[in-house]
1. Sketch the reach of a paramagnetic label on R99 as a point 7 Å from Cα along Cα-to-Cβ, and name the residues of the stretch 68-92 whose backbone nitrogen lies under 16 Å away.
2. Compute the angle between helix 190-202 and the longest alpha-carbon principal axis of the chain, please, reported from 0 to 90 degrees and rounded to the nearest 10.
3. Stretched out fully, how many nm does the piece from A288 to E58 gain, at 0.36 nm a residue minus the Cα gap?
4. Check C112: other-chain or 5+ apart residues with amide H under 5 Å from its amide H, H built from backbone geometry?
5. What angle, in degrees between 0 and 90 and rounded to the nearest 10, separates the Cα long axis of helix 301-314 from the longest principal axis of the Cα atoms of the chain?
6. Once both labels are modelled 7 Å past Cα along the beta-carbon direction, what's the A252-K126 spacing in nm?
7. Given N residues in the chain, what is Rg(Cα) / (2.2 N^0.38 Å)?
8. Under 10 Å, Cα contacts only: if you run a Gaussian network model on the chain, which one of I287, I328, I320 comes out with the highest mean-square fluctuation?
Amino acid sequence: MTEQITTVSAYAAPAPDAPLERTTIPRRAVGEFDVLIDIKYAGICHSDIHQARDGWGEGIFPMVPGHEIAGIVAEVGPGVTKFSVGDRVGVGCMVDSCRRCENCAAGLEQYCTGGGNVGTYNALDKNGEPTYGGYSTHIVVDEAFTLRIPDGLALDVAAPLLCAGITVYSPLAHWKAGPGTKVAVVGLGGLGHMAVKIAHAMGAEVTVLSQSLRKKDDGLRLGAEHYYATSDDATFEALAGRFDLILSTVSAPLPLDKYLGLLRTDGAFVNVGAPEEPVSLSLFSVIAGRKTLAGSGIGGIRETQEMLDFCAEHGLGSEIELIRADQINEAYERVLASDVRYRFVIDAATI
Ligand code: NAP
Ligand code: ZN
Ligand code: ZN
């Protein structure tokens, strides 16, 4: 695979709203600093669905989603120093960035101001070619954007950490979830269930705010101490002024004023969910109590490695349902119906 662009199997959305189907895509030749990864597993993130259905707009089609990739290094370029053939590795939401701006220098490649990071799919690479994601058998990635999966983590349960894990770890660390802090996680899906596990492992007192009590047993088993249904208005009265940090992983717009009422003075509501529609807000909800409303996007490469090491140390993998590639469309419908416990992971051998 060294000289030539290679063709590999993949699952792609040919157009917005069209079901994903098996196809072939080109992968670039292994360059000086590249690793060729034999993909073993790829997680299905709700962001894949937003993009495959063009809910965020400006999608590049055909689109091969997948930014929760775990596999084995099959070949390395001559300049590669971090990885060898046979290493267990992962790739998340980015495959490159400018590497020069202030944010890149600070390890915040996800906020690259030198043109933005290059997404693992649905983006144009530095060579102008579209990037294709993890729903495929192989990927070629620069070693600087390749992560090491620690031995203690199985590849299938590690794959979702590359997006779901880091997206919740980064704000939990930034807003200092830990002993003595009360953290609420809104939405118990792919991101939410990892937020419960990670916040609990950081030492915080965790509460799940879910639409119903349907998944209460799971939430408590994953590490939450309390579990409330947001469909019940009494929840918002009982928990008023309770939390230091609320992390919303919800994929749809939320009535923010109600949730901001659950923060204590100086508390922060941090949104990682990326709904397709705008939300409305009364600014009095943040004025009263000097509250913070913030957002957070994935995490940098250094922090992603730190998160993987943290998860290995604490024995935290994702709760997964392993599927064949021909079940992707069905899995998408189940995610949209909040019927996921708690991440679908594609067995790449079936692609
Ligand atoms: P997911 O598995 O579908 O989980 C979302 C959860 O939100 C659902 O399980 C459900 O939990 C809750 N929910 C769904 N619809 C709702 C509604 N109408 N009202 C209230 N709650 C609702 O999705 P995910 O993969 O975790 O991703 C969640 C969101 O984060 C997506 O929008 C995704 O694009 C975004 N995301 C952002 C980043 C970032 O960097 N900021 C990274 C990854 C993903 P309950 O059943 O418990 O209520
Ligand atoms: Zn994602
Ligand atoms: Zn940059």
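1. Backbone N within reach: 77-83.
2. With both axes taken from Cα atoms, the answer is about 70 degrees.
3. Numbers: separation 230, 0.36 × 230 = 82.80 nm, distance 3.80 nm.
Contour length minus Cα-Cα distance gives 79.0 nm.
4. N117
5. 70
6. The modelled label-to-label distance comes out at 4.2 nm.
7. Values: Rg = 19.8 Å, N = 351, 2.2 N^0.38 = 20.4 Å.
That ratio works out to 0.97.
8. Evaluated over the chain, the most mobile residue of the options is I287.
The numbers here are math on the coordinates, done by the rules we state, and not lab data. Computed from a predicted structure; not experimentally measured. Don't worry about glycine lacking a Cβ; one is built from the backbone with ideal geometry, like all the others, and counts go over all protein chains shown.
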